[in-house]
Amino acid sequence: MSMYFDIGDETLWNPSNGAGRLFLKQVEVFEAELGPASGIGQGKYWGDPDTLAIDPELYAEFTRSLVDWHCRTGHSVILALSEGFVATALALARRAGIEVEMPEPQSGHVCGGVAHDVQVPGVPRTGTVAAALDTRAREMDRGMAR
């Protein structure tokens with residue numbers, strides 16, 4: 001069995017049920033953490049949990065927020081825990097034709113203006129993180145079945 005992530009009649013991603021469920025659980029985590037809704041919901045076959053529709057406007061806002069958050073954290077554990085999910089979400093956005101710009105490096109920037117998750121010593125690596133994320137998203141796209 002597999003899942004379908006669609007925009008209209010186009011399937012953007014057709015992962016196995018295990019990969020799809022894991023992705024959706026992580027979507028829930030990041031919706032709760034960051035605020036914006038993902039725009040991923042019930043697909044065209046009502047009641048079928050394996051068909052999902054993506055609202056491009058909501059997904060664009062979610063993905064942009066996610067990428068900005070990921071690229072601006074300086075916490076190595078948070079980066080490690082989130083990189084695969086963020087890269088997958090970014091690859092899916094790109095397949096949907098959604099443009100997501102990588103944030104420019106800014107010294108001393110703290111997401112939200114308050115240091116909630118501080119790593120000592122904290123070393124801002126925004127440019128490196130953004131480049132790594134872009135590369136990882138391109139790799140993910142090649143491995144994501146349609």
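The values are calculated or read from the model by the stated rules, or taken from the named source; none is laboratory data. Keep in mind that what you see is a predicted model, and the values were worked out from it rather than measured. All Cβ positions, even for glycine, are placed from backbone atoms using ideal geometry, and neighbour counts span all protein chains on display.
Counting just the residues of region 47-94 that are of a type in the set (Ser, Thr, Tyr), assigned to a helix (DSSP H, G or I) and in contact with a Gly (Cβ under 8 Å, 6 or more places away or on another chain), which one comes out surrounded by the fewest Cβ atoms within 10 Å (Cβ to Cβ)?
Step one: list which residues in region 47-94 are of a type in the set (Ser, Thr, Tyr), which gives 51, 59, 63, 65, 73, 76, 82, 88.
Imposing the further condition that a residue be assigned to a helix (DSSP H, G or I) reduces the set to 59, 63, 65, 76, 82, 88.
Now restrict to residues that are in contact with a Gly (Cβ under 8 Å, 6 or more places away or on another chain): 59, 65.
On the way: Tyr59: 24, Ser65: 18.
Out of the qualifying residues, it is Ser65.
In this structure, does Ala32 turn out to be farther than 22 Å from Gly143 by Cβ, outside any loop (DSSP other than H, G, I, E, B) and among the aliphatic types (A, V, I, L, M)? Outline the logic, then answer.
Values: farther than 22 Å from Gly143 by Cβ: yes; outside any loop (DSSP other than H, G, I, E, B): yes; among the aliphatic types (A, V, I, L, M): yes.
Against the criterion (farther than 22 Å from Gly143 by Cβ, outside any loop (DSSP other than H, G, I, E, B) and among the aliphatic types (A, V, I, L, M)), Ala32 qualifies.
For region 13-34, check the following and say yes or no: at least one residue is surrounded by fewer than 18 Cβ atoms within 10 Å (Cβ to Cβ), over 20 Å from Asp134 (Cβ atoms) and hydroxyl-bearing (Ser, Thr, Tyr).
Yes, because at least one residue in region 13-34 is surrounded by fewer than 18 Cβ atoms within 10 Å (Cβ to Cβ), over 20 Å from Asp134 (Cβ atoms) and hydroxyl-bearing (Ser, Thr, Tyr).
Quick check on region 35-85: of everything there that is touching a Lys or Arg at 6+ places or on another chain (Cβ under 8 Å) and either basic (Lys, Arg) or under 23 Å from Ala131 (Cα atoms) (or both), which residue is modelled with the lowest pLDDT?
Checking each candidate, the answer is Gly74.
Starting from region 5-16, take each residue that is outside any strand (DSSP E or B) and list its partners that are of a type in the set (Ser, Thr, Tyr), counting only C-beta distances under 6 angstrom and pairs at least six apart or across chains.
Going by the 6 Å Cβ cut-off, the qualifying pairs are Asn14/Ser2; Asn14/Tyr4.
Test each condition in (1) assigned to a strand (DSSP E or B); (2) in contact (Cβ under 8 Å) with a residue 40 or more places away in the chain; (3) not aromatic (Phe, Trp, Tyr) for Gly41 and report the one that comes out false.
The number of the failed condition is (2).
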